[in-house]
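Just below is one structure, and these are the notes that go with it.
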Amino acid sequence: MSSFTWYCGTELPGEVMTAALEAYHFDPHFHDAWSVGAIVRGSCTFSCQGTAYVARQGDLVIIPPRVVHTGGTSDGVLCYGMAYIQTGWFDAHAALSCGRAVQFPDVVMSDRPLCDRWAAALTRDELADDVRKNELSAALLELLAKHGVPADQTLLADRDADACAELQASMSDRDLPKADVDVLARRWGMHRTTLSKQFLQRYGLPPDAWLRNWRVAKAKTLMMDGMPLAEVAAATGFADQAHLTRVFKRIHGAPPGALRQSGASREH
């Protein structure tokens, strides 16, 4: 039996989710936010950019925006809290703490005291949104100060990387256009299959799956703003509300109603 609880009050710099999972696995997906998780009980097996990881009780998990990863339980029950932090809020803390953009030396870090601090901010359901926000801010500043390193600004200047980057940018447009892989492939002198394979290697999902995930990310934003689910589905390119619900559940483990209800309850 698995359960998910979301907090998405207007005071929070993103979303907070707590989960208790057993025999559960997430398909490859990404978030349009920094994902910071604290393992409270059990262990989690997952991959990130094709590399396998195990996170255990007392570990922190840190995944940058748009980085494809999976998720799942090992033996027994897995309990954890996860923050999906808006990039602007994260970057402002990085500038304050480190004076520049940062990255982290690994996806999983063992730091029990800091993990406990994050878990307290993420998993206590009695916290008011403004209090939770302050605790998350303090935990993030400590995380950046202890483990953040200057980001590598090296850019890959080659045809395949540039073609993939242009394709990703075309799929990240706020109007959510359909990815025209054929047109881009011809412009870069590549076959459609070659571009799709390069995109999969670089970003962890084939173009169609990446675009579908991106549409879910945009749909989630509209739902949190209060748009009816049927209108959200139409606005983000899904066939109907049922189609959006199926894809949303595969990525997030719960239907859209779980996010909407928890957000409404926190705001009230």
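The values are calculated or read from the model by the stated rules, or taken from the named source; none is laboratory data. As the structure is a prediction and not an experimental result, all values here were calculated from the model. Please note: Cβ atoms are built from the backbone with ideal geometry, for glycine as well, and neighbour counts cover all protein chains shown. Side chains are part of the model used for accessible areas, which takes the heavy atoms of the whole protein and leaves out ligands, DNA and RNA. Shrake-Rupley method; radii C 1.70, N 1.55, O 1.52, S 1.80 Å.
Filtering segment 82-138 to residues that are hydroxyl-bearing (Ser, Thr, Tyr) and in a helix (DSSP H, G or I) leaves THR87, SER97, THR123, SER137.
Of the numbered criteria (1) touching a residue at least 60 places away in the same chain (Cβ under 8 Å); (2) closer than 16 Å to THR73 by Cβ; (3) of a type in the set (A, V, I, L, M, F, W, C); (4) out of contact with any His (no Cβ under 9 Å at 6 or more places or on another chain), the one VAL54 fails is (1). Scanning segment 18-35 for residues that are closer than 28 Å to LEU200 by Cα and of a type outside the set (Phe, Trp, Tyr) yields ALA23, HIS25, ASP27, PRO28, HIS29, HIS31, ASP32, ALA33, SER35.
Every residue, every condition in (1) more than 17 Å from VAL40 (Cα to Cα); (2) open to solvent by less than 30 Å² (accessible area, probe 1.4 Å); (3) acidic (Asp, Glu), yes or no:
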site	(1), (2), (3)
SER97	yes, no, no
ARG112	no, no, no
ALA121	no, yes, no
ALA128	yes, no, no
ALA138	yes, no, no
HIS147	yes, no, no
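When the strands (runs of 3 or more DSSP E) confined to segment 1-67 are screened for residues that are surrounded by fewer than 17 Cβ atoms within 10 Å (Cβ to Cβ), those reaching at least 1 such residues are found at 3-7, 14-22, 25-29, 34-41, 43-48, 51-56. Only one of the numbered conditions (1) farther than 27 Å from LEU259 by Cα; (2) open to solvent by 20 Å² or more (accessible area, probe 1.4 Å) is not met by VAL102, and that is (2). If you go through segment 79-95 and keep only what is small (Gly, Ala, Ser) and either loosely packed, with under 15 Cβ neighbours inside 10 Å or free of Cβ contacts under 8 Å to residues at least 12 places away in the same chain (or both), you end up with GLY88, ALA92, ALA95.
You will find that of ALA185, ALA217, ALA242, the residue that is at pLDDT 85 or above, of a type in the set (Gly, Ala, Ser), surrounded by 14 or more Cβ atoms within 10 Å (Cβ to Cβ) and not in a loop (DSSP other than H, G, I, E, B) is ALA217 and no other. Figure legend. Inter-residue proximity from segment 60-75: first residues within 19 Å of MET109 (Cβ to Cβ) and at pLDDT below 90, second residues β-branched (Val, Ile, Thr) and buried (at least 16 other Cβ atoms within 10 Å of the Cβ), beta-carbon distance below 6 Å, spacing 6+ or different chains. Indicated pairs: SER74/THR45.
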